[in-house]
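Contents: one structure, followed by commentary.
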Amino acid sequence: MPKAAIFDLDGTLLDSVDLHALAWHEAMAKFGHDVTFEQARSQIGKGGDKLIPVFLSADEQRDHGKEMEEWRGERFKTAYLPLVRPFSAVPDLLRRVRDAGVRVAIASSAKKDELDMYLDIARIADMVDVKTSSDDAKESKPAPDIFEVVLKRLKIDGRDAVAIGDTPYDASAAGKAGIATIGVLCGGFTETTLREAGCADVYPGPAALFARFEDSGLAK
């Protein structure tokens with residue numbers, strides 16, 4: 001049994017991927033970039049430091065990258081954050097993890113000010129032992145920084161943890177930190193994509209992982 005379960009938030013515990021994609025799509029359009037909703041959505045799971053270079057040149061990033069990311073953040077908080085909802089059985093799953101004696105951590109690419117609001121929305125704020133945001137890492141996923149910060153705070157090695165995420169960026173980042181990953185499909189990526197990125201097991205979402213807890217990597 002692992003000593004800790006490290007959860008992603010967006011698309012894993014919270015139904016927020018489309019909302020983030022909308023905010024990025026609108027931000028790109030406002031600053032003169034022809035980026036479709038689908039193109040933006042394919043990059044959700046990365047932090048802005050990794051997402052923006054996919055669509056902007058180095059000169060464009062220097063010129064208005066920071067301003068665009070700030071506009072995106074404000075747009076998301078005012079227009080879309082109130083619409084974010086947790087997936088089914090999220091508190092039940094985390095409670096089950098804790099009852100099994102496994103510590104709970106959050107490794108999210110969200111900003112620190114968004115993170116606490118997310119935990120309240122998911123009704124799990126009192127179940128989390130360690131929480132990290134993009135502000136705690138030099139580089140966001142798929143770099144391993146945020147998982148390495150979590151491991152350091154938990155004082156454990158990667159082999160003693162399991163990550164739960166919805167994107168190939170979660171699996172790639174966790175793998176670089178020596179952590180096995182359980183994938184969930186509720187963020188929109190396919191099972192094939194998640195397994196190719198390194199997920200050992202894949203479940204439809206938190207409710208399925210809760211229902212099959214005893215057979216999952218969270219219990220053995």
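For segment 108-220, what class follows from the C-alpha gyration tensor (a ≥ b ≥ c being the square roots of its eigenvalues): rounded when a/c is under 1.5, otherwise prolate if a/b is larger than b/c, else oblate?
Details: a/c = 1.38, a/b = 1.20, b/c = 1.15.
Rounded shape, in that the Cα axes give a/c under 1.5.
What percent do you get for the relative contact order of the chain when only Cα pairs under 8 Å and 6+ apart count? Worked out over the chain, it gives 26 percent.
Farthest toward the positive end of the dipole of the chain, out of 23, 210, 68, is the Cα of 210, where the dipole comes from beta carbon charges about the Cα centre.
Restricting everything to alpha-carbon atoms, can you work out Rg to Rh for segment 17-82 with a Kirkwood hydrodynamic radius?
Working: Rg = 10.7 Å, Rh = 11.6 Å.
In segment 17-82, Rg relative to Rh is 0.92.
Using the Cα centre as the reference, give the magnitude of the dipole from point charges on the C-beta atoms of segment 17-82 (Lys, Arg: +1; Asp, Glu: -1; all else neutral), rounded to the nearest 20 debye. Provide the component values of the computation, followed by the final result.
Working: 9 positive and 12 negative charges, 45 e Å.
So the magnitude is around 220 debye.
The slack between residue 1 and residue 219, meaning 0.36 nm per residue of separation minus the straight C-alpha distance, is 78.0 nm.
What is the packing order of peptides 207-218, 163-174, taking the mean over residues of other C-beta atoms within 10 Å and listing the highest first?
Numbers: 207-218: 17.2, 163-174: 28.7.
Packing proxy ranking, top to bottom: 163-174, 207-218.
Over segment 1-118, what is the relative contact order in whole percent, taking alpha-carbon pairs under 8 Å and six or more residues apart? Write down the numbers at each step before the final one.
Values: 110 pairs, mean separation 54.6, N = 118.
46 percent.
When the charge dipole of the chain is built from unit charges on Cβ atoms (+1 for Lys and Arg, -1 for Asp and Glu) and taken about the Cα centre, the candidate among 104, 149, 32 whose Cα reaches farthest toward its positive end is 104. For the pair residue 62 and residue 135 in one chain, pulling the backbone fully straight at 0.36 nm per residue adds 24.3 nm over the alpha carbon distance.
Measure up 77/138; 111/176; 138/220 against 26 Å on the Cα-Cα distance and list the ones that go over.
Those over the limit are 138/220.
A cut-off under 12 angstrom between Cβ atoms defines the neighbours of residue 164, and their net charge, with Lys, Arg +1 and Asp, Glu -1, is -4.
Dipole of the chain, Cα-centred, from +1 at each Lys and Arg C-beta and -1 at each Asp and Glu C-beta, to the nearest 20 debye?
Values: 29 positive and 37 negative charges, 133 e Å.
In total the dipole reaches around 640 debye.
Reducing segment 89-148 and segment 27-47 to their Cα centroids gives an inter-centroid distance of 25 Å.
Values in this text are rule-based calculations from the coordinates and carry no lab data. Every value quoted in this text rests on a predicted model; they were computed, and no experiment measured them. Backbone-built Cβ (ideal geometry, glycine too); neighbour counts: all protein chains shown.
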